[in-house]
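K.L.:
Have a look at the structure that comes next, please.
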Amino acid sequence: MSFDIAKQSIDYILSNPELFNEPSVEFDFIGGEPLMEVKLIDRICDYLKSQMYKRNHKWFNSYRFCFATNGLLYSSKDVQEFINKNHTHLSIEITIDGTKAKHDLNRIYKDGRGSYEDVVKNIPLWLEQFPDCGTKVTISHADLPYVCESVMHLFSLGIKVVNINVVFEDVWVDGDDKIFETQLLNLADKIIDNNLYENCVCSFFVENIGKPMDQILDNGNWCGSGKMLSIDAAGNFYPCTRFAQYSLREKKCVIIGNCVDGIDSNKLRPFLTLDRTTQSPQKCIDCEVASGCAWCQGENYDAADTDTIYQRSTAICKMHKARVRANNYYWNKLFRKLELEGRREEYNATHKKQTEKPC
Ligand code: SF4
């Protein structure tokens, strides 16, 4: 992206507060690897801050710059200068996937070498600067045997929050749900038996998932697509980054405007009318374990029979059901232990209820 494209996009967004009327904002820099362009990002952030200040914009005191990075450049001079300058308005997530074996399955250099050793050496500095930030792990078919040991490894590195989910794409084969469930049951035992639940969080275990949904009260769209304006290097606007051409396998990209002409509200409107019932098959509406069963709007579109965004992909169905079974085991075991120790109330008071949040 050139600075001019970023500037035009910022000018459009800040000049139209009636279209962007949320009280707070996150500016998320998504690559490839965003920290390769930290000097450009620094310039963009400076422009954003100065414009919000000059316009007396309500976001000036309520903004955040967010990054998911592979962590390789984290300790470099330029990145550290950027962090020191913006620290109080930054969220940085380093994506380390778990053990060396798990991480190096996917995160490799061009010549095939794994990147684990180069990332892990930056973890202590990252945790010193952002002790409350978590890491983000994505699980696909080949990763399943490593789930338990990988989460435990991340906890052992001092990472307290492991945000983890299975991919939405249809990569699952017969038996994957059983492997997944076994991995999660082992993980539940390790977290509870070693009292790790007191300080650590793995997002696979959430108290409120696995229940039927109320069709009226819980009819919101899971996914934030349409409310997360995404801008590509040429200044095209998308409902979220998953609708850009580089994110799609089968379908044509969905452009809803650009930084010169702004948002075309006719193209955005279908995204704003999406909810649970308009896109779910009947089996999901009637499902006994529907809460927490997520979807990705971009994957729904990519996997649909036609060019519609109103056809929910249910490729993760058996993986969600496996997760729910393990989740029930986790909370039953944890609450029984706490009750035997007379610590249930103390736990409830000190641990805010963790709820499943959409992206
Ligand atoms: S995809 Fe499967 S588990 Fe999820 S809501 Fe639909 S039927 Fe239930």
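K.L.:
Work out from phi, with θ = phi - 60° and the Karplus expression 6.51 cos²θ - 1.76 cosθ + 1.60, the ³J(HN,Hα) of each residue of segment 248-256, listed in order in whole Hz, and give x for Gly and Pro.
P.N.:
10, 8, 10, 9, 7, 4, 10, 9, 10
K.L.:
Might you report the magnitude of the Cβ-based charge dipole of the chain about its Cα centre, with Lys and Arg at +1 and Asp and Glu at -1, to the nearest 20 debye?
P.N.:
420 debye
K.L.:
Could I ask something else about it? What is the gain in length, in nm to one decimal, between residue 142 and residue 62 on full extension, counting 0.36 nm per residue of separation less the C-alpha to C-alpha distance?
P.N.:
Full-extension gain reported as 24.7 nm.
K.L.:
By count of other Cβ within 10 Å, fewest leading, how are 263, 209 ordered?
P.N.:
Numbers: 263 18, 209 21.
Lowest to highest Cβ neighbour count: 263, 209.
K.L.:
Along the charge dipole of the chain, pointing to its positive end and built from +1/-1 on Cβ of Lys, Arg, Asp and Glu, which listed residue (35, 83, 334) has its Cα farthest out?
P.N.:
83
K.L.:
Give me the orientation-averaged projected area of the Cα convex hull of segment 57-216, in nm², one decimal.
P.N.:
Orientation-averaged projected area of the Cα hull: 13.5 nm².
K.L.:
Write down the Å³ per residue value for the convex hull defined by the alpha carbon atoms of segment 220-301.
P.N.:
96 Å³
K.L.:
At a Förster distance of 45 Å, what's the computed FRET efficiency of residue 156 paired with residue 264, Cβ-Cβ distance as r, to 0.05?
P.N.:
0.35
K.L.:
Which of 69, 112, 56 sits closest to the plus end of the dipole of segment 50-131, meaning its Cα is farthest towards the positive end, when Lys and Arg get +1 and Asp and Glu get -1 on the C-beta?
P.N.:
56
K.L.:
Kindly provide the Kirkwood hydrodynamic radius of segment 152-280 in Å, to one decimal, from all pairs of distinct alpha carbon atoms. If you can, show how the numbers build up before the last one.
P.N.:
Numbers: mean 1/r = 0.0543 Å⁻¹.
Taking the inverse mean of 1/r over all distinct Cα pairs, segment 152-280 comes out at 18.4 Å.
K.L.:
Return an integer: the convex hull volume of the alpha-carbon atoms of segment 74-137, in Å³ per residue. Mind showing how you got there, number by number?
P.N.:
Numbers: hull volume 5.9 nm³, N = 64.
Taking only Cα atoms, segment 74-137 has a hull volume of 93 Å³ per residue.
K.L.:
Express in nm, to one decimal, how much length is gained between residue 278 and residue 75 on full extension, taking 0.36 nm for each residue of separation and deducting their alpha carbon distance.
P.N.:
68.4 nm
K.L.:
Tell me what the chain gives for mean residue ellipticity at 222 nm when only DSSP H runs of n ≥ 4 count, each as -39,500 (n - 2.57), the sum divided by the residue total, rounded to 500 deg cm²/dmol.
P.N.:
For the chain, the value works out to -11500 deg cm²/dmol.
K.L.:
Using modelled amide H (1.01 Å from N, peptide plane; none on Pro or chain starts), what sits under 5 Å from the amide H of residue 207, excluding residues fewer than 5 places away?
P.N.:
So residue 207 has HN proximity to 354.
K.L.:
Once the convex hull of the alpha carbons of the chain is built, what does its volume come to per residue, in cubic angstrom?
P.N.:
159 Å³
K.L.:
Relative contact order for the chain: what percent, with Cα pairs under 8 Å and sequence separation of 6 or more?
P.N.:
Relative contact order, the chain: 15 percent.
K.L.:
Give me the one-decimal nm value for the distance between modelled label points at residue 49 and residue 348, 7 Å along each residue's Cα-to-Cβ direction.
P.N.:
4.5 nm
K.L.:
Continuing with this model, one more query. Rounded to the nearest 0.05, what FRET efficiency do residue 331 and residue 286 have when you use their Cβ-Cβ distance and R0 = 22 Å?
P.N.:
After rounding, the FRET efficiency stands at 0.40.
K.L.:
For residue 137, enumerate residues with amide H under 5 Å from its amide H, sequence gap 5+ or separate chain, H modeled in the peptide plane.
P.N.:
163, 164, 165
K.L.:
For segment 275-288, take each phi angle, set θ = phi - 60°, evaluate the Karplus expression 6.51 cos²θ - 1.76 cosθ + 1.60, and give the result in whole Hz per residue in order, putting x for glycine and proline.
P.N.:
So the Karplus estimates, Gly and Pro as x, are 9, 5, 6, 5, 10, 8, x, 4, 4, 7, 5, 8, 5, 6 Hz.
K.L.:
Now for a separate question. Could you pull out every residue, at least 5 positions away or on a different chain, whose amide H is within less than 5 Å of the one on residue 27? Hs are placed 1.01 Å off N in the peptide plane, and Pro or chain starts have none.
P.N.:
For residue 27, the qualifying residues are 64, 65, 66.
Laboratory data are not the source of any read-out in this text; all were calculated from the coordinates shown. The structure presented is a predicted model; accordingly, all values stated were derived computationally and were not measured. Cβ sites come from the backbone with ideal geometry, for glycine too, and all protein chains shown count toward neighbours.
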